[in-house]
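K.L.:
Below you will find the structure I want to go over with you.
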Amino acid sequence: MLVHIVPRFEKGRILRTEMLENLRDFPRSFLDVRFEEYSDGILTGLNVTVEDQVLIVSKGILKHAGRLYLLEDDISIPYVANDRVAVLKMIFLEPTRRSDFTAHHAEIVLEGEESLGLEEIELGRFKLKPGALLRSDYQNFADIATEYNTWCDLRAPYSAILAPTLRPEILRFFASEMLQFHSGDVPDHVFSFTCLNSERVSRQVIDQYIRLKTGINCVEYSNVQLHKQLAMILDESNRNTKIAGSWMNSRKGRMIVD
């Protein structure tokens, strides 16, 4: 039986336990049902902004082991330049058990350890040389994977149906660059518009697009490998556009006489 209960708080009415339980349980139950089929990973938010000597992690929701974790306020994480890989990660701690509740906690830390434990999820990483500035303003799509002095969140798992995918911001960047090339290939347009107009693009869609363009099966590819394939597709599209443009320019002003 489907039910929608709205507690009535009115003057003179007795405040019953059932009324408070409804207010307590409905938001969590709604979110659990809404994202039940989604994989572990970032559901929304948790974007990282690079500022002078500090990383700002925005509020958001993340799913891990079937549980939803809510970051209600932005947090600041200081960083230093030491020419080594620094990984911003979320670590899930042992639950705290009390007589009347069990609390599951997670904390966001910046560590030099590149490998992830079973109870850890990466939000991004960088390798900053002393005296350099950390940046997140990319010159092009391929620049996201630049090794030094560049914030990279390619490895952050973004929750989607069945399996995690790339963050939507990354795919929108790809789409914007692809559309600038005025590609005549229909799959390029379909995939780009999907990236621009979707809250999240499933991994299966990315896999199928790369297979159409390259013939490569990317089912077992990591996020970094997917990005590399997409960057190669962009590079090829750019070259084809330049060749087509040169050919069209060479024909301007010519007349064909029968």
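K.L.:
Test residue 61 against the stated conditions and say whether it is closer than 14 Å to residue 42 by Cα, surrounded by fewer than 19 Cβ atoms within 10 Å (Cβ to Cβ) and not acidic (Asp, Glu).
P.N.:
Details: closer than 14 Å to residue 42 by Cα: yes; surrounded by fewer than 19 Cβ atoms within 10 Å (Cβ to Cβ): yes; not acidic (Asp, Glu): yes.
Yes; evaluated as a whole, the condition is true for this residue.
K.L.:
Here's a follow-up. I'd like to check something: does the range 162-170 contain any residue that is of a type in the set (Lys, Arg), closer than 15 Å to residue 141 by Cα and over 10 Å from the mean Cα position of the chain (by Cα)? Full working, then the answer.
P.N.:
Residues of the range 162-170 of a type in the set (Lys, Arg): 167.
Now narrow it down to the ones that are closer than 15 Å to residue 141 by Cα: 167.
Subsequent filtering for residues that are over 10 Å from the mean Cα position of the chain (by Cα) retains none.
Looking for residues that are of a type in the set (Lys, Arg), closer than 15 Å to residue 141 by Cα and over 10 Å from the mean Cα position of the chain (by Cα), one finds none in the range 162-170, hence no.
K.L.:
Sort through 209, 221 and tell me the only one that's surrounded by 15 or more Cβ atoms within 10 Å (Cβ to Cβ) and part of a loop (DSSP other than H, G, I, E, B). Don't jump to the end; show me each part of the working.
P.N.:
Details: 209 fails: part of a loop (DSSP other than H, G, I, E, B).
So the residue among 209, 221 that is surrounded by 15 or more Cβ atoms within 10 Å (Cβ to Cβ) and part of a loop (DSSP other than H, G, I, E, B) is 221.
K.L.:
Let me ask another. Kindly provide the set of residues from the range 122-162 that are part of a strand (DSSP E or B), aliphatic (A, V, I, L, M) and modelled with pLDDT of 95 or more, ordered by number. Steps first, please.
P.N.:
Here is the first cut: in the range 122-162, the ones part of a strand (DSSP E or B) are 122-127, 135, 150, 152, 158, 161.
Pick out the ones that are also aliphatic (A, V, I, L, M) and you get 123, 161.
Selection gives 123 alone.
K.L.:
Conditions: (1) crowded, with 17+ Cβ neighbours inside 10 Å; (2) at positive phi; (3) among the acidic types (Asp, Glu). Residue 83 meets all but one. Number of the miss?
P.N.:
It is condition (1) that residue 83 fails.
K.L.:
Spot the failing condition for residue 81; the list is (1) under 30 Å from residue 146 (Cα atoms); (2) within 22 Å of the chain's Cα centre (by Cα); (3) modelled with pLDDT under 95, and only one is missed.
P.N.:
For residue 81, the failing item is (2).
K.L.:
Is it the case that residue 155 is within 20 Å of residue 114 (Cα to Cα), out of contact with any His (no Cβ under 9 Å at 6 or more places or on another chain) and in contact (Cβ under 8 Å) with a residue 24 or more places away in the chain? Steps first, answer last, please.
P.N.:
Details: within 20 Å of residue 114 (Cα to Cα): yes; out of contact with any His (no Cβ under 9 Å at 6 or more places or on another chain): yes; in contact (Cβ under 8 Å) with a residue 24 or more places away in the chain: yes.
Against the criterion (within 20 Å of residue 114 (Cα to Cα), out of contact with any His (no Cβ under 9 Å at 6 or more places or on another chain) and in contact (Cβ under 8 Å) with a residue 24 or more places away in the chain), residue 155 qualifies.
The values are calculated or read from the model by the stated rules, or taken from the named source; none is laboratory data. Model, not experiment: these values are computed from the prediction. A quick note on method: Cβ atoms are made from the backbone with ideal geometry, for glycine too, and the neighbour counts reach across all protein chains shown.
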